[in-house]
Amino acid sequence: MNRDHVVAGTAGVSTTAMLATVLAHFQNVPSDVATAEAGLAVLALGAMAGLAQALIGRPPDLREAPNAAKGP
Amino acid sequence: MGAQIVDTDTAIAAPTAAMLAAAGVVGVVRYLSRATPNHPGDLSAAETAAIIGAGLGLMAVQHAAPPRRWWPEAALGTAQGRAAAANAHDAGLSAGTTLWLDFEETAPGATAADAIDYCNAWTREVIAGGFEPGLYVGPNQPLSGEDLYWRLALKIYWRSAAIVPDVPARGYAMRQSAPRQLAGIIVDQDVVLGDAFGNRPHWSVISNP
């Protein structure tokens, strides 16, 4: 079940740093400017996560997973 | 047909969740990152909404470290257990939901004592974070069945599709079988059996109005 080898190399690298690298690459801007822009992007992602929470509406309920012999 | 559950390393959007439900799947296990925050592609709050919104149950499993290159120890278990609980909370999972530790492929030479310390430290942090700890028992790790049952603090076990030790007395509460393609994604198939003491894992479902 170990399928995360692709992302293993990015462990420990912050989302902001990764975004800054990408922005600097594609926009050819100084890295400090890219970092600032990436920070804004991370803030936007955070806002999206909050929106997703709102989409759930109510907190999920907790249930015991059904036994296979008691399936639908 | 029994209650079919799938685990997958692929993020599930609402259309895929609906297709899984239509195919008879009743629940999903999705991944959490080993550190905070969750990596893109691991479980997010939006994905939680999509999955439970389709009427599916949702549990989570934390990624294992790269195979054969990681050493289990208490400090690592503490850090990863704390991250698992924080990431599950951020993804909107209900308190009490079972979070699985994907335990497999430790470095050659890792001892059972190291692994016990690692698993028990992880367990303490997951419980402190408000979730239920469970162990996915994968291949190439140093714990025997006796270790799994007598020396770990957690109480619920998920048998991988690999050849792994039996858990004496208690047995496995969930069992994984061969992967397949379903709803356009690759999934492993799982069933909940309940262990010999009648315990089953817990998942998050959409709340009734």
Original post:
Hey, does the range B:88-108 have a residue that's surrounded by fewer than 24 Cβ atoms within 10 Å (Cβ to Cβ), of a type in the set (D, E, K, R) and over 25 Å from B:W150 (Cα atoms)?
Top reply: yes
Subject >> Failed criterion for B:L152 (all others in (1) within 28 Å of B:A49 (Cβ to Cβ); (2) touching a Cys at 6+ places or on another chain (Cβ under 8 Å) hold) >> reply: (1)
Subject >> Residue selected from the range B:165-209 under the condition among the β-branched types (V, I, T) and either more than 13 Å from chain A (Cβ to nearest Cβ) or touching a strand residue (DSSP E or B) at 6+ places or on another chain (Cβ under 8 Å) (or both), by the criterion surrounded by the most Cβ atoms within 10 Å (Cβ to Cβ) >> reply: B:V192
Original post:
Of all the residues that make up the range B:66-97, how many are within 12 Å of another protein chain (Cβ to nearest Cβ) and not in a loop (DSSP other than H, G, I, E, B)?
Top reply: 7
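Out of the residues in the range B:98-119 meeting the condition of being assigned to a helix (DSSP H, G or I) and in contact (Cβ under 8 Å) with a residue 24 or more places away in the chain, tell me which one is farthest from B:Y157 (Cα to Cα). Before the answer, list the steps.
Initial filter on the range B:98-119 (assigned to a helix (DSSP H, G or I)): B:112-119.
Those still in the list that are in contact (Cβ under 8 Å) with a residue 24 or more places away in the chain too: B:112, B:114-119.
On the way: B:A112: 17, B:D114: 19, B:A115: 15, B:I116: 14, B:D117: 17, B:Y118: 16, B:C119: 12 Å.
Looking at the filtered set, the residue picked out is B:D114.
Going through the range A:49-70 one residue at a time, which ones are in contact with a strand residue (DSSP E or B) (Cβ under 6 Å, 6 or more places away or on another chain) and either at pLDDT below 90 or farther than 19 Å from B:S207 by Cβ (or both)? Spell out the reasoning first.
In the first step, residues of the range A:49-70 are kept if they are in contact with a strand residue (DSSP E or B) (Cβ under 6 Å, 6 or more places away or on another chain); the result is A:60-65, A:67-68.
If the condition is that a residue be in contact with a strand residue (DSSP E or B) (Cβ under 6 Å, 6 or more places away or on another chain) and either at pLDDT below 90 or farther than 19 Å from B:S207 by Cβ (or both), then A:N67, A:A68 are the ones that fit.
Just to check your reading of the model, which residue among B:G194, B:G184 is more than 18 Å from B:V28 (Cβ to Cβ) and not hydrophobic (A, V, I, L, M, F, W, C)?
Values: B:G184 fails: more than 18 Å from B:V28 (Cβ to Cβ).
Selected residue: B:G194, the only one of B:G194, B:G184 that is more than 18 Å from B:V28 (Cβ to Cβ) and not hydrophobic (A, V, I, L, M, F, W, C).
Please go through the range B:129-145 and pick out each residue that is more than 17 Å from B:E104 (Cα to Cα) and surrounded by fewer than 16 Cβ atoms within 10 Å (Cβ to Cβ). Write out each step before concluding.
Initially, the range B:129-145 is screened for residues more than 17 Å from B:E104 (Cα to Cα), giving B:129-132.
Passing the criteria: only B:G130.
From the list B:A162, B:A85, B:A121, exactly one residue is under 19 Å from B:A35 (Cα atoms) and surrounded by fewer than 23 Cβ atoms within 10 Å (Cβ to Cβ). Which is it?
On the way: B:A162 fails: under 19 Å from B:A35 (Cα atoms); B:A85 fails: surrounded by fewer than 23 Cβ atoms within 10 Å (Cβ to Cβ).
After applying the criteria, what remains is B:A121.
For residues in the range B:8-18 being touching a strand residue (DSSP E or B) at 6+ places or on another chain (Cβ under 8 Å) and more than 7 Å from chain A (Cβ to nearest Cβ), which is nearest to B:F103 (Cα to Cα)?
Kept after step one, since they are touching a strand residue (DSSP E or B) at 6+ places or on another chain (Cβ under 8 Å), are these residues of the range B:8-18: B:8-12, B:16-17.
From what is left, the residues that are more than 7 Å from chain A (Cβ to nearest Cβ) are B:8, B:10-12, B:16-17.
Numbers: B:T8: 16, B:T10: 20, B:A11: 21, B:I12: 23, B:T16: 28, B:A17: 27 Å.
Per the stated criteria, the residue is B:T8.
The values are calculated or read from the model by the stated rules, or taken from the named source; none is laboratory data. Worth saying up front: this structure is predicted, and the values here are computed from it rather than measured. Glycine also receives a Cβ, built like all others from the backbone with ideal geometry; neighbour counts cover every protein chain displayed.
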